[in-house]
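Novice: Structure incoming, see below.
Read the figures in this text as sums done on the coordinates, not as results from a lab. Treat the numbers as computed from the prediction; the structure is a model and nothing was measured. Please note: Cβ atoms are built from the backbone with ideal geometry, for glycine as well, and neighbour counts cover all protein chains shown.
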Amino acid sequence: MKLYYHLTPAEREEISIELAKGYSVRYIATLLNRSPSTISREISNNPNKQNIYRANEAEKQAKQRIRNAKRERKLDKYPKLRQFVFHHLEKRWSPEQIAKKLALLYPNDMIMRISHESIYQYIYVLPRTSLKRQLAYELRRAHKNRRTRKGQSKSCPIQDYLSIEERPKEIADRIVPGHWEGDLITGAQNKSAIGTLVERTTRFTLIVKLPAKDAYSVRKAFAKKFKSIPVSLKRSLTYDQGQEMAHHKLFTKESKIQVYFAHPHSPWERGSNENTNGLIRDFFPKGTDFSTVAARKLTRVQTLLNERPRKVLNWLSPSEAFNKVLHL
């Protein structure tokens, strides 16, 4: 079995040089006798402020991660805290729910306080043991590894935007129809995607065929899809801070739909959309190449979801609820 060794400074320098020449990850991997996934992970994990790979900065970041891993973590140091966290993970509480509950139960005991991010970090830096597998499984998404958006810089790519905190109260309360939530569902190897748009009051869903995931393609496809919706029922769109919505101001100008942005890593702020994405995944499981999925198949799934009765709508379907508010 081939052993894995950390990349050396010389290898990192070679990666930087070959990238500057325009060579691919697979070419560099062959040159260094490394796995392409090792090279890809090295590049995506170590961008500088300009989102460019540099050997010296990558080496510094690698050493810092090693130092951080060697530090004694709070959950290792305090058994009572660890027991509380593990017990509630078993009950399928999210790390954020655990962190907030600890703050309420132990307001003056800093030993019994921990951030949700620290809980995530603890789980995902554990060695590949049965304990790590169990803890990761108990997270709601049950991912084996911590997920990040590849190719996206750590700073928010969205400029001059309106936060969800500035959204009118009528939107949060779902009193007035015509307010939507949006997202992308990505396909195999993150190379393809479809768009999803969900009306918050009726849960009426639009599935959008996308030629690509860039901001221009998403803006054009979303605007075209919204043309089929009456003006009175397209008031706002709440989206996450993905770079595909970087053209939000131009989208608003063209469609007259105001865009609000949720906080980073806060999918519950677009709960209807997240739930709908899960329903859509029943038809298009992970690994689907959406570039090969015909538009008529997307329309068929959209129709199936909109004609399905929903408990939250008193067993009306989203189509029935949408038509009802349209006629009102």
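Novice: What does the helix-only formula give at 222 nm for the chain: each DSSP H stretch with n ≥ 4 adding -39500 (n - 2.57), the total divided by the residues, and the result rounded to the nearest 500 deg cm²/dmol?
Specialist: The helix-only estimate for the chain comes to -13500 deg cm²/dmol at 222 nm.
Novice: Got the relative contact order for the chain handy, in percent, Cα pairs under 8 Å and 6 or more residues apart?
Specialist: For the chain, the relative contact order is 12 percent.
Novice: Anything over 31 Å Cα to Cα? Flag those among Lys80/Lys286; Lys227/Lys311; Lys256/Lys297; Lys21/Lys286, in the order listed.
Specialist: Exceeds cut-off: Lys80/Lys286; Lys21/Lys286.
Novice: Extending each Cα 7 Å along its Cβ direction at Ser118 and Leu326, get the distance between those two points in nm, one decimal.
Specialist: Inter-label distance under the simple model: 5.2 nm.
Novice: Starting from the Cα of Glu166, step 7 Å along the direction of its Cβ; do the same at Ala10; then give the gap between the two resulting points in nm.
Specialist: Rounded to a tenth, the inter-label distance reads 5.4 nm.
Novice: Take the alpha carbon gyration tensor of the stretch 214-328, find the square roots of its eigenvalues, order them as a ≥ b ≥ c, and report rounded if a/c is under 1.5; if not, report prolate when a/b exceeds b/c, else oblate.
Specialist: Rounded, because the longest to shortest axis ratio a/c is under 1.5.
Novice: Between rounded, prolate and oblate, where does the stretch 251-299 land on the alpha carbon gyration tensor, with a ≥ b ≥ c its root eigenvalues, rounded for a/c under 1.5, else prolate if a/b exceeds b/c?
Specialist: It is oblate, given that a/c is not under 1.5 and a/b is not larger than b/c.
Novice: Still on this structure: Along the charge dipole of the stretch 9-70, which of Gln64, Leu31, Asn51 sits closest to the positive end, that is, farthest toward it, with unit charges on the beta carbon of Lys, Arg, Asp and Glu (+1, +1, -1, -1)?
Specialist: Gln64
Novice: With charges set only on the Cβ (+1 for Lys and Arg, -1 for Asp and Glu), what does the dipole of the chain come to about its Cα centre, in debye to the nearest 20?
Specialist: Numbers: 63 positive and 32 negative charges, 118 e Å.
Value, rounded to 20: 560 debye.
Novice: In vacuo Debye scattering of the stretch 9-70, one point per C-alpha: log10 I(q)/I(0) at q = 0.12, 0.23, 0.26, 0.28 Å⁻¹?
Specialist: After summing over all Cα pairs, the log10 values are -0.27, -0.94, -1.14, -1.26.
Novice: In whole angstrom, how far apart do the alpha carbon centroids of the stretch 248-315 and the stretch 18-42 sit?
Specialist: 35 Å
Novice: Shape verdict for the chain, please, from the Cα gyration tensor: rounded (a/c under 1.5), prolate (a/b greater than b/c) or oblate.
Specialist: Working: a/c = 2.01, a/b = 1.36, b/c = 1.48.
Oblate shape, in that a/c is at least 1.5 and b/c is the bigger or equal ratio.
Novice: Same structure, new question: Under a point-charge model restricted to the Cβ atoms of Lys and Arg (+1) and Asp and Glu (-1), what is the dipole moment magnitude of the stretch 9-70 relative to its Cα centre, in debye to the nearest 20? List each step's numbers first, then the result.
Specialist: Working: 12 positive and 7 negative charges, 66 e Å.
It works out to roughly 320 debye.
Novice: Starting from the 7 Å offset along Cα-to-Cβ, what nm value, one decimal, do you get for the label separation of Glu274 and Ile175?
Specialist: In this crude label model, Glu274 to Ile175 measures out at 2.5 nm.
Novice: From the residues Tyr78, Asn108, His263, which one has its Cα farthest along the dipole of the chain in the positive direction, the dipole being from +1 and -1 charges on Cβ of Lys/Arg and Asp/Glu about the Cα centre?
Specialist: Projecting each Cα onto the dipole axis, the largest value belongs to Tyr78.
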